[in-house]
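Structure first, then comments.
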Amino acid sequence: MKGMSIKNGGRTFGLIYEDRPEELWLESTDYKPVVGNTVRVNGADYNVEKIEDDSLWLAPSEANKRERESVEVPLNADYKVKLRTPAYPVLQFIDSVQNAKDKRSQILIQGENLYTLKLLTFAYAGKVDCIYIDPPYNTGSTDWKYNNNFVHPTDIYRHSKWLSFIEHRLRIAKLLLNPANSCLIVAIDETERDELGLLLKQMFPESLIQMASVITGGGNDPSVGFNKSIEYLFFVMIGSSTPQKLPDGNKKTPWIPLQRSGNHSLRSDRPKEFYPVFISTEKPYCVVSVGSPLPEGIDPESANIVPPDGTEALWPSRHKKNGPYLCWYCSSEGLRDLLKKGLVKVKGHHGNFSVSIFSKPIFEKIESGELENHIVGYEEDGSIKIDPPYVATSHLPNLNWSSSDYYTAVGSKLVDTLTGKSKAFPYPKSLYAVEDAIRFFVANKPNALILDFFAGSGTTAHAVMRLNKQDGGRRVCVSVTNNENKICDEVTFPRLKACITGKYPDGSVIEGTYKGRDESSIKEGYEENLEYFKLCYADRENVELGKELPRILPLLWMSSGSKKLLTQEEIQECTKAPYMIFDSFGLITQYRFISEFLNHITNEMELIAISTFDDERYQWLASHFAKNCYQLPQAYVHSMERGDEI
């Protein structure tokens, strides 16, 4: 079929679908056409033949030649423009929220996510630690458009369109993820669950992929089939990525019995772990020495072992009365080593002693120094004294997640509370479900970069800020969402602003408390900053003339770590100033000021941007910096043109 290809990679099995071409139609208020563009007026497609006196002169497209005539349309009328490639997306500053000093900013981008992802390859290729997305589920309802049209449940290409839509975006997302250690998390329901699973296996063949089921509420009475109350999370673990065990809120003693129990706990299973332990018979009771393993076939009763003076021998007990002997948890050499380190404790009294040792995980934490601040001395028996006398336990959950905090209704109530509106957003994810999903992969990465390119109401960014508050992290979330039904302007940005400030736009505080691991008041807010941009499209001519530098500048700021807040004044200044110095990057546009510019370069800067068409001059300047250097606008143009080839 023309304009289409079968996506099967030569396979005769697995996931096979038609790659449906994808078009992007923009509102005339967002993208002004040029000669050669295709525009859509009242549902009909035309080609722009000329632009004259603030009017568009339009000729009917090839498909409409017999039915339509040429027309004249005011340039500022309402119509849609088909985006031509290569496209040059840029970022227009919209607003910001500041509630922290010297802290990296959260980032919100209003725009179509395919070209936003291509734009992000300039700043974040190979740098993203975690992606969480909740894409449209393709249920047949009016919640998803392809090529500017809702996909009807009777559309025979419905599944191919959805797979093409997702695959186009995941292909770019894969370039953004850190290949050494990162995780992709995708939420989905049963409509495209199986297709998505196969697609992920084909796109990430070397990664560990697991799927968890999440109870999202009581469900609704369906017209057919069973009641649905479950959604799914695919975890694609890339490189060395693996979920981290996390504290579960429980506590336990670090001591475990020296005597082994359970499977493989008999003397015959571990002959080298059957030996006498000699304990003093006077207080303070302690282990004085450790004997050698008793040869197999010889019982303690007939071994004629004589304890050292002032001690008695303690042996592993029998399994049940007159049963076979059990064994110790470690070898005699291992116990002697633990004894030297104060990791052996005696309990009981003469004739009824028991011995405990530190568990292996706690021993490893002591060896690594993790518990160093908790060791406050030694007991009378020589064992380590820790404060508090217990340790927090950690765990990995199974793949069936069930908590009332994960219900969709919980997410809806929170979004309504933060925006001050009723039913502000349909079916938002629970904050606590998203928080727990990403926590397993970024808890040990306090500076992690997280991306959500189906951001919706902004739940992922909210979850990242909650994690930062809990452990002092400086993680950044880049949230991307369109503005369909004004969602970004009226839900996403107001929600994120409210959770940072703890206030409504009129200054009144937001009452209520969070759930989960951090039951703080909403009105406390978060020590975070937020930058809000809109995705726009530039003409290449304007890019090459340097007129788009203010809308390219945010990319440099993002590339260098989005440190501190980027202000509107700084963005506008870059068209006037010969050079600009920021905390994390420098930009020079006029060569004659190079000496002054060099004097301001610091070791804290992540990159240097040099605006020049003279390649030799750029190479000479770049040789002076032990930094990442960009030649503008060439580096930007090449990046965007490569993006259209992905």
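Roughly what % of Cα-Cα distances in the chain sit above 38 Å, to the whole percent? Intermediate results must be reported in sequence, preceding the final value.
Details: 103573 of 208335 pairs.
In whole percent, the long-distance tail amounts to 50.
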Relative to the first principal axis of the alpha-carbon coordinates of the chain, what is the inclination of helix 459-471, with its axis defined by its Cα atoms, in degrees from 0 to 90 and to the nearest 10? 40
Quick one: if you stick a label point 7 Å off each Cα along the C-beta vector at Leu198 and His600, how many nm between them? 5.7
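Order the following by accessible area, largest value first: Thr281, Thr612. Probe radius 1.4 Å; ligands, DNA and RNA are ignored. Working shown, then result.
Details: Thr281 45, Thr612 20 Å².
Solvent-accessible surface, decreasing: Thr281, Thr612.
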Between helix 431-442 and the chain: long-axis angle, C-alpha atoms, 0 to 90°, nearest 10: 70
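Provide the percentage of antiparallel DSSP beta bridges, counting only those with both residues in the chain; round to the nearest 5.
Working: 81 of 113 bridges.
The answer is about 70 percent antiparallel.
Gain in length, Ser70 to Glu490, computed as 0.36 nm per residue apart minus the alpha-carbon separation, to one decimal in nm? Before the final figure, lay out each step's value.
Working: separation 420, 0.36 × 420 = 151.20 nm, distance 3.90 nm.
Stretched fully, the Ser70-Glu490 segment lengthens by 147.3 nm.
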Give, as a single signed number, the net charge of other residues whose beta carbon lies under 11 Å from the beta carbon of Glu606, with Lys and Arg counted +1 and Asp and Glu -1. 0
Binned at 10 Å from 0, what are the whole-percent values of the Cα-Cα distance distribution for region 511-646, short to long? 10, 37, 29, 12, 9, 3, 0
Selection of GluC sites (Glu not before Pro), region 167-211, meeting DSSP coil and at most 15 other Cβ within 10 Å: Glu190, Glu206
Cα-based convex hull, region 43-99, per residue volume (Å³, whole number): 147
Keeping every protein chain present and rolling a 1.4 Å probe, give me the accessible area per residue for region 246-318 in Å². 59
Could you please state how large a percent of the accessible area of the chain is carbon and sulfur, counting protein chains only and using a 1.4 Å probe? 48
Once the whole set of protein chains is in place, how much accessible area is left on Ile438, using a 1.4 Å probe, in Å² to the nearest 10? 0
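Can you tell me, using C-alpha contacts under 8 Å and at least 6 residues apart, the relative contact order of the chain as a whole percent? Don't jump to the answer; show the numbers that get you there.
Details: 1209 pairs, mean separation 112.3, N = 646.
Value for the chain: 17 percent.
Computed over the Cα atoms of region 83-135, what is the convex hull's projected area averaged over all directions, in nm²? Spell out each step's value before the answer.
Working: hull surface 22.1 nm².
Seen from a random direction, the Cα hull of region 83-135 projects 5.5 nm² on average.
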Counting heavy atoms of the protein chains only and a 1.4 Å probe, report the per residue accessible area for region 468-558 as a whole number of Å². 42
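Using only the alpha carbon atoms of region 254-384, find the Kirkwood hydrodynamic radius as the inverse mean reciprocal pair distance, in angstroms to one decimal. Write out the running numbers ahead of the final one.
Values: mean 1/r = 0.0649 Å⁻¹.
Hydrodynamic radius (Kirkwood, Cα pairs) of region 254-384 is 15.4 Å.
Grab the DSSP H runs of the chain that are 4 residues or longer, score each as -39,500 (n - 2.57), total them, divide by all residues and round the 222 nm result to the nearest 500 deg cm²/dmol.
Numbers: 15 runs with 152 residues, N = 646.
One gets -7000 deg cm²/dmol as the mean residue ellipticity at 222 nm.
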Area accessible to solvent at Val41, 1.4 Å probe radius, in Å²: 20
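Taking N as the number of residues in region 339-399, what is its alpha-carbon radius of gyration divided by 2.2 N^0.38 Å? Write out the running numbers ahead of the final one.
Values: Rg = 13.9 Å, N = 61, 2.2 N^0.38 = 10.5 Å.
Ratio of Cα Rg to 2.2 N^0.38 Å: 1.32.
Between Glu22 and Leu545, how high is the FRET efficiency from 1/(1 + (r/R0)^6) when r is the Cβ-Cβ distance and R₀ = 25 Å? Nearest 0.05.
Given R0 = 25 Å and the Cβ-Cβ separation, E is 0.25.
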For the pair Asp95 and Asp518, what calculated FRET efficiency results from E = 1/(1 + (r/R0)^6), where r is the Cβ-Cβ distance and R0 = 30 Å, to the nearest 0.05? 0.65
In a Debye calculation with equal point scatterers on the alpha-carbon sites of region 34-144 and no solvent, what is log10 I(q)/I(0) at q = 0.16, 0.19, 0.24 Å⁻¹? -0.97, -1.09, -1.31
Taking 0.36 nm per residue of separation and subtracting the Cα-Cα distance, what length does fully extending Val35 through Phe226 add? 63.3 nm
In Å, what is the Rg of the alpha-carbon atoms in region 289-331, and how long is Dmax? 11.3, 31
Relative to the compact globular guide of 2.2 N^0.38 Å, what is the alpha carbon radius of gyration of region 420-481, as a ratio? 1.13
Those GluC sites (Glu not before Pro) from region 227-311 that are DSSP loop and have at most 13 other Cβ neighbours within 10 Å turn out to be Glu282, Glu296
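At 1.4 Å probe size, put Tyr427, Tyr636 in order of accessible surface, largest to smallest.
Working: Tyr427 170, Tyr636 0 Å².
I get Tyr427, Tyr636, largest accessible area first.
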If I model a spin label as a point 7 Å beyond the Cα along the Cα-Cβ vector, how far apart are those points for Gln590 and Ser289 in nm? 8.8
Where does region 355-446 land on Rg(C-alpha)/(2.2 N^0.38 Å)? 1.72
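Distances longer than 13 Å among the Cα atoms of region 512-555: what percent of all pairs is that?
Details: 656 of 946 pairs.
Counting pairs separated by more than 13 Å, the tail of P(r) holds 69 percent.
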Trypsin sites (Lys or Arg not before Pro) in region 404-490 lying in a DSSP loop, each with at most 11 other Cβ atoms within 10 Å of its Cβ, come to Lys423
Between 0 and 90 degrees, rounded to the nearest ten: what's the tilt of helix 634-643 against the longest Cα principal axis of the chain? 80
So, in nm, how far is label Asn444 from label Asp102 when the simple model puts each one 7 Å beyond its Cα toward the Cβ? 2.9
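The values are calculated or read from the model by the stated rules, or taken from the named source; none is laboratory data. None of the values given here were measured: they were computed from a predicted structure. For neighbour counting, all protein chains shown are included, and Cβ atoms are generated from backbone atoms with ideal geometry for every residue, glycine included. All accessible areas refer to the heavy atoms of the entire protein, side chains included, with ligands and DNA or RNA removed. Shrake-Rupley method; radii C 1.70, N 1.55, O 1.52, S 1.80 Å.
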